[in-house]
1. Among 184, 211, 227, determine the one that fluctuates most according to a GNM of the chain built with springs between C-alpha atoms less than 10 Å apart.
2. Between 0 and 90 degrees, rounded to the nearest ten: what's the tilt of helix 207-217 against the longest Cα principal axis of the chain?
3. So for the chain, averaging the separation of alpha carbon pairs under 8 Å that are six or more residues apart and normalising by length, what relative contact order in percent results?
4. Pick out which of 132, 115, 215 has the largest mean-square fluctuation in a Gaussian network model of the chain, springs linking Cα atoms closer than 10 Å.
5. Arranged by the count of other C-beta atoms within 10 angstrom, fewest first, what order do 67, 42, 73 take?
6. Counting other beta carbons within 10 Å of each Cβ, put 182, 199, 256 in order, fewest first.
7. With both bridge residues required to lie in the stretch 104-221, what share of the DSSP beta bridges run antiparallel, to the nearest 5%?
8. Antiparallel as a % of all DSSP beta bridges within the chain, to the nearest 5?
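What follows draws every value from the coordinates through simple rules; no lab data is involved. Quick caveat, the model's predicted, so the values are computed rather than measured. FYI the Cβ positions are ideal-geometry reconstructions off the backbone, even for glycines, and counts take in every protein chain you see.
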């Protein structure tokens, strides 16, 4: 099993030098993957949680690819409806090419209605838009020319390329925990990428639903590759009240071990605070991440 980390690409600590330091830390500490979040319009609703400056993942990640040798780079998650699918397909394929096949396309439907309004995209239809766009993106990655006559996009005989470096395309990790997200994962995803989903719910509800949806589509069941918060404490917390990823090193390791038992190939660790006012110095985040990574390296 591999570990990933979530780079904070917004707020006062989001700087080019910090990004250099993030990926240098990741490679030096043995992380396999670094991901960034995605927003296009910092409305008051978005800025409350993701304040400016906000660095776009599709422009920042290829630069980071040039600064790294082995680290995979991805989105967690790109919001599918915000960009024309041919644009997204080309951006992702370009990153995969310049990185030598190290891009992972994490994708979701989004949550901010005010941001959708600015983008001119129908919020209520974001699930249907995402499904249509994902189908178009996969077609653009695997064909020299593409045409579609969909509900939301229409075009004929459009040239694509470059193809992604990975064959047939970069891994698609679909985020979200709703029934629609699970169906979307089964239809399009190579992996399911829920964020802070409780382990008991995954075992009893989420993964059985994913297996059933995959069987209905005739595809293999996507891998579970979750993202979880990391809040390292110097003592055990009561299990009845303990949020996922919060507690002592032994407790956080038990959460990661549970994901491994469920077949996870990656677990992405997220030290970003729930609110910007609680942001810590990056050195503190890196300390906690290094402690967890060292323990996992010995365990798995």
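1. Among 184, 211, 227, the largest mean-square fluctuation in the Gaussian network model of the chain belongs to 211.
2. 20 degrees
3. Working: 550 pairs, mean separation 51.0, N = 300.
Here the relative contact order equals 17 percent.
4. Highest fluctuation of the listed residues: 215.
5. 67, 42, 73
6. If I rank by nearby Cβ atoms, fewest first, I get 199, 256, 182.
7. 40 percent
8. Just about 15 percent of them are antiparallel.
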